[in-house]
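Below is one structure; the comments refer to it alone.
The values are calculated or read from the model by the stated rules, or taken from the named source; none is laboratory data. Keep in mind that what you see is a predicted model, and the values were worked out from it rather than measured. For neighbour counting, all protein chains shown are included, and Cβ atoms are generated from backbone atoms with ideal geometry for every residue, glycine included. Just so you know, the surface numbers come from the protein's heavy atoms only, side chains and all, with ligands and any DNA or RNA stripped out. Shrake-Rupley method; radii C 1.70, N 1.55, O 1.52, S 1.80 Å.
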Amino acid sequence: PMLAELSPVRGGYLVGINSVHAALLSNRRECHVLYVKKDAAADKDQEHGNTSHASEGGTQEPLSHESERVQALINLAHSKGIMVHPIPKHILNSMADNKPHQSVVLDASPLQFVDILSLPPHKPDQAESTGIPDDHRGRVPLWVALDEVVDPQNLGAIIRSCAFFGVDGIVVNERKSAPLSPAVSRASSGAAEAFPIHHTHLMHSFLDLSAKAGWTVLGTLPERPNTKKRIVPAHTATLLGPTILVIGSEGFGMRPKVRQQCSMLLSIQPGHVLNPRLVDDGDEAPVDSSGGADIAPRTGVPLEVRQALLDSLNVSVSTGILLHQLLASTANTATRRS
């Protein structure tokens, strides 16, 4: 078939096995048509449950891992009454704007943000409604607030990290934030499909009202801080109560009104602070303490270059590090107390 012969687009195109699979499972989109590459699963559209296909000689050959996953999506779509349309690869390429699609494209309604004004007081005996597994209970709730993160790849990567670390919720600005596009879903490896993302009209007001309800608001250190706020290395901080971790935008950090709502700022220590020996860029090879033999000399970007040009991290990388350090420090503190 040609593009003109395809069913009219009723929503938007979601591409990639993980994103499509999560969308079909999560039921947060209205799914219209699943398009698959014509030869992705051989004759599996008619013969459900079979995991092999016939070669030219009539013998049965196992499907590739990708074809098995595509077949699983076909079966899932059929179980939900969603039409499956096999089409040639070049048409899938066009539908996916020539981006990697792994042989599947889903025509589905867009994801929607959930409106939120503030977070309510936390009740320890009341389970959070987050849409993510309850595998992290025993610690206080943790939300992430994104202040004008506009790049879809960054937003998707942050959502993926939040889902991995068991964050309870994410809130973004209603304006000047990346929309919940297919690019975000793909960058999140499908996590955006299962993790409701909230948005708020005024981030500083959201933080202020939440703080008055008992939430601790932690900010992140700007590239060149000019603040009287208390600054704490992230690996030394612990969660003592319901907490919101605020992440600033790419290149600019948190806006002043948002920073004012933070009771404390967290910093990620660079290598030359964590390990002062990295400052010494001498030519001598270090000595292996186990036997005294020479090992490879230290190499890498000189300190003056790191400090001048590489003094910050990508926002999604920073978020993952901060979440790990916060949660690991909190877990270690709880273990010592017990």
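Once segment 146-174 is narrowed to residues that are over 12 Å from G248 (Cβ atoms) and among the charged types (D, E, K, R), the residue that is least open to solvent (accessible area, probe 1.4 Å) is D168.
Taking residues in segment 79-104 that are within 14 Å of S19 (Cβ to Cβ) and in a strand (DSSP E or B), and partners anywhere that are β-branched (V, I, T) and open to solvent by 70 Å² or more (accessible area, probe 1.4 Å), not one pair has Cβ atoms closer than 7 Å while being at least 6 places apart or on different chains. Here L14 passes the criteria (1) outside any loop (DSSP other than H, G, I, E, B); (2) modelled with pLDDT under 90; (3) touching a helix residue (DSSP H, G or I) at 6+ places or on another chain (Cβ under 9 Å) except the one numbered (2).
Here S318 passes the criteria (1) open to solvent by 60 Å² or more (accessible area, probe 1.4 Å); (2) modelled with pLDDT of 90 or more except the one numbered (1). Of everything in segment 185-204 that is touching a residue at least 60 places away in the same chain (Cβ under 8 Å) and part of a helix (DSSP H, G or I), the residue that is most open to solvent (accessible area, probe 1.4 Å) is R186. Applying the set (1) open to solvent by 90 Å² or more (accessible area, probe 1.4 Å); (2) at pLDDT below 50 to P8 leaves exactly one unmet item: (2). Within segment 271-285, is even one residue closer than 30 Å to G16 by Cα, at pLDDT below 90 and not in a helix (DSSP H, G or I)? No, segment 271-285 contains no residue that is closer than 30 Å to G16 by Cα, at pLDDT below 90 and not in a helix (DSSP H, G or I).
Using beta carbons and a limit of 6 Å, which pairs, at least six apart or on different chains, have the first residue in segment 161-177 and within 15 Å of L207 (Cβ to Cβ) and the second one among the hydrophobic types (A, V, I, L, M, F, W, C) and not in a loop (DSSP other than H, G, I, E, B)? Final answer for the pair search is G169/W143; I170/V144; I170/C162; I170/I197; V171/A145; V172/L146; N173/M203. The number of residues in segment 256-269 being surrounded by fewer than 16 Cβ atoms within 10 Å (Cβ to Cβ) and either in a strand (DSSP E or B) or in contact with a helix residue (DSSP H, G or I) (Cβ under 8 Å, 6 or more places away or on another chain) (or both) comes to 5. Scanning segment 227-254 for residues that are touching a helix residue (DSSP H, G or I) at 6+ places or on another chain (Cβ under 8 Å), assigned to a loop (DSSP other than H, G, I, E, B) and either over 21 Å from V150 (Cα atoms) or among the charged types (D, E, K, R) (or both) returns T227, K229, A237, T238, L239, E250.
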